[in-house]
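The values are calculated or read from the model by the stated rules, or taken from the named source; none is laboratory data. Note that the coordinates shown come from a computational prediction; the quantities given were computed from them, not determined experimentally. With ideal geometry, Cβ positions are generated from the backbone for all residues, glycine too; neighbour counts draw on all protein chains shown.
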Amino acid sequence: MKPIFMRLAGDFTETQRGRFALWLPVAMGAGILFYFDLRAEPPLWCTLALPAAGALVWVSRRAALPRALALLLLAATLGFARADWRTADFPAFDPIPRHAVIAVGRITAVDHLPTGVRVRLDQVTLNDTQRLQRAIRVKLRADDQVAPPIGTIIRVRCLLYGPDRPAYPGAWAYARLQFFDNLTAAGFALGHTEQIGQTPSIHMLALVRRLREAIAGRILAILPLDTGSIAVTLLTGFEQSIPSAERQEFITAGLAHLLAVAGLHVGIIMGLAFGVTRFFCARSERISLFWSGKAIAACAALASGALYAALTGFHLPIMRSLAMAALITLGVLVGRRAVSLRGLGLAAMLVMLLTPDAVPDVSFQMSFSAVLALIAGYERLGAWLRPAAGQGRVWRLGLTIAALAFTSLLAGGASMPFAAYHFHQIQPYYILANVLAVPLTALFVLPLGLLAVAVMPLHLEALALVPMGWGIRLILDVAHLISQWPRAVIVTAPFAGAAAASIGFGLIWLCLWRGRLALWGLIFIGAGALLAASARTPDLVVSPDAQLIALDQGSDILVLRGRKLDHYTLAEWAPLWPAAPLNIVKLTAADPACADGLCSLMTKHGRIEIAAGPD
């Protein structure tokens, strides 16, 4: 028995050589997710977990299996501890008055929305007495035609609201995003803004933002809002000006990732820069003889990616992509494989150590799952899609289209479970939409956009922006056409995090292991899919302030309202019952359904009783 076991262990070690290290970032991510799933801050004694795990690694250093398990535990505790430290870096939310206030603060960002202008203020004082530790966002009045520039100190009378709790269990947690964005409140102006000063010095990032805003203004001066807003998003990262109906069509067609500047866009920019630089290096005899044209092109591509990241705002998704690109460039320079699972793991660990709060975010989960599936998928099946010598142009074109479809299938299929978990919907036609829209974006729209930015100092941007607008119009037509197809969006019921975790773990297992062992990941994926499919919409939902109660009665949704009608909560609830109308009523103790202060109401699966107030 022992020789058989040893032989099996040896075969496993040989087959999976180098794969264990890939599980370290998985363990780190699990530790981070465990921290953010806690209902309260961990007790003080948890600080001993990290040194204890390190000591365990030292004790078990001579035995392979115990050492491996100890390293996984160390990675998990490091992720947990880093998430705890990251949270402690931010101050608590400031108390916000429930009435109108006079806010004085410095503008650090200006967002151009379809309905107006929104500014971000730091160093805020309310009513000349309360100094806030965090920033606020204020939407200016529509008749404030021009927003003051960044660095301006303004005074404005406004109504502010603190961070919202999720509209229902499992809903989008805006409060967590605001916490790590150092925001304490958002609201709208009741009066006109008054400029009362200017900061003497402006940070470099503020100067870059001014440049981005100037580029956005030049674009919108030439292109109409429907196409211009997309161009602004692609070239500056400002996506707030996209009309809501247009954005929804992109979401329905499975093209929302085109509006979220991240890995796809960085890859396109760097690919263009790499190809152009490599072409000119090959034309130089001196460079070809004495230098590595590939290394020069890789460095030029990374520099182009960094410039594009600066142009689009250095936001988190694009920084993750840039980190991965830097590792790829380093691999090219040292002669290693450019794109690999190990490089992806290093990039993931770097992002998690710098910003652990990104791990629960949908952007992190979708982007890394897509890249993981692409690397693993092409590692195993990519050879089938490479054209062989002597094949005709028609066959090569067919392989190119098949590669695009395969890429969309891998990336979309891997990220779809996380989209369903966070947004409660899936788009079945995403492959066709991406096969049409992504090449158009990569080969026509983005190159023209970069050319437009390059010639803006010469005031010649219209020569490139106008044809760029034609390409964007074609993408809009694709999104509109596919969004009108039947069942273009399949709404899913909110399902438990355990289902998403099972699917995610199965995907990771399938991609990281080799051979037949990898197929065991399908069991976890299937179990998670069954859990998700068994979920159903709730019969009863109560708003965080208990001013709205929704009851699913089958034919319609009865919404009981209190003193106020919260339209934001209603908008968050609407996707739960997309086909059922909302019947909003105000229930009092005098209603026929009520007696002795209790109201008896029917839901789709039974009767409930609700206490009713006198008014």
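Here is how the numbers come out for the structure above:
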| item | result |
| --- | --- |
| Among residues of segment 142-167, those that are outside any strand (DSSP E or B) and either at pLDDT below 85 or polar (S, T, N, Q) (or both), counted | 14 |
| Selection count where residues are more than 18 Å from L160 (Cα to Cα) and either surrounded by 17 or more Cβ atoms within 10 Å (Cβ to Cβ) or under 21 Å from the mean Cα position of the chain (by Cα) (or both), scope segment 109-118 | 2 |
| Every pair of residues 6+ apart whose Cβ atoms lie under 9 Å, when the first sits in segment 398-410 and is without any contact (Cβ under 8 Å) to a residue 60 or more places away in the chain and over 18 Å from I375 (Cβ atoms) while the second is surrounded by fewer than 19 Cβ atoms within 10 Å (Cβ to Cβ) and of a type in the set (K, R) | L399/R386 |
| Residue that is surrounded by the most Cβ atoms within 10 Å (Cβ to Cβ), among those in segment 127-141 that are assigned to a strand (DSSP E or B) and over 27 Å from the mean Cα position of the chain (by Cα) | Q130 |
| Helices (runs of 4 or more DSSP H) within segment 378-463 that include 2 or more residues basic (K, R) | 393-423 |
| Residues of segment 242-253 that turn out to be closer than 30 Å to L302 by Cβ and either in contact with a strand residue (DSSP E or B) (Cβ under 6 Å, 6 or more places away or on another chain) or outside any helix (DSSP H, G or I) (or both), as a count | 1 |
| Checklist (1) modelled with pLDDT of 95 or more; (2) not in a helix (DSSP H, G or I) applied to F505, failing item | (2) |
| All positions within segment 401-455 that are more than 14 Å from A253 (Cα to Cα) and among the small types (G, A, S) | A402, A403, A405, A411, G413, A414, S415, A420, A442, G449, A452, A454 |
| Count of residues meeting criterion [assigned to a strand (DSSP E or B) and hydrophobic (A, V, I, L, M, F, W, C)] in segment 168-194 | 5 |
| Hits in segment 230-262 (condition: closer than 21 Å to A109 by Cα and either basic (K, R) or touching a His at 6+ places or on another chain (Cβ under 9 Å) (or both)) | V232, L234, G237, F238, Q240, S241, V261, A262 |
| Residue among R473, R487 that is of a type in the set (D, E, K, R), out of contact with any strand residue (DSSP E or B) (no Cβ under 6 Å at 6 or more places or on another chain) and in a helix (DSSP H, G or I) | R473 |
| Any chance I431 is surrounded by 16 or more Cβ atoms within 10 Å (Cβ to Cβ), outside the structural domain of G504 (by TED's automatic domain parsing) and within 25 Å of A347 (Cα to Cα) | no |
| Close pairs (7 angstrom Cβ cut-off, 6 or more residues apart or separate chains): surrounded by 11 or more Cβ atoms within 10 Å (Cβ to Cβ) in segment 39-60, at pLDDT 85 or above and polar (S, T, N, Q) anywhere | A49/T77; L50/T77; A53/T77 |
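Residue by residue, here is whether (1) among the acidic types (D, E); (2) more than 23 Å from the chain's Cα centre (by Cα) holds:
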residue: Y429; (1), (2): no, no
residue: P439; (1), (2): no, no
residue: V466; (1), (2): no, yes
residue: D477; (1), (2): yes, yes
residue: L507; (1), (2): no, no
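To keep it simple, each residue is scored yes or no on (1) at pLDDT 75 or above; (2) among the hydrophobic types (A, V, I, L, M, F, W, C); (3) more than 21 Å from the chain's Cα centre (by Cα).
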residue: G390; (1), (2), (3): no, no, yes
residue: A405; (1), (2), (3): yes, yes, yes
residue: L410; (1), (2), (3): yes, yes, no
residue: S415; (1), (2), (3): yes, no, no
residue: F423; (1), (2), (3): yes, yes, no
residue: N434; (1), (2), (3): yes, no, no
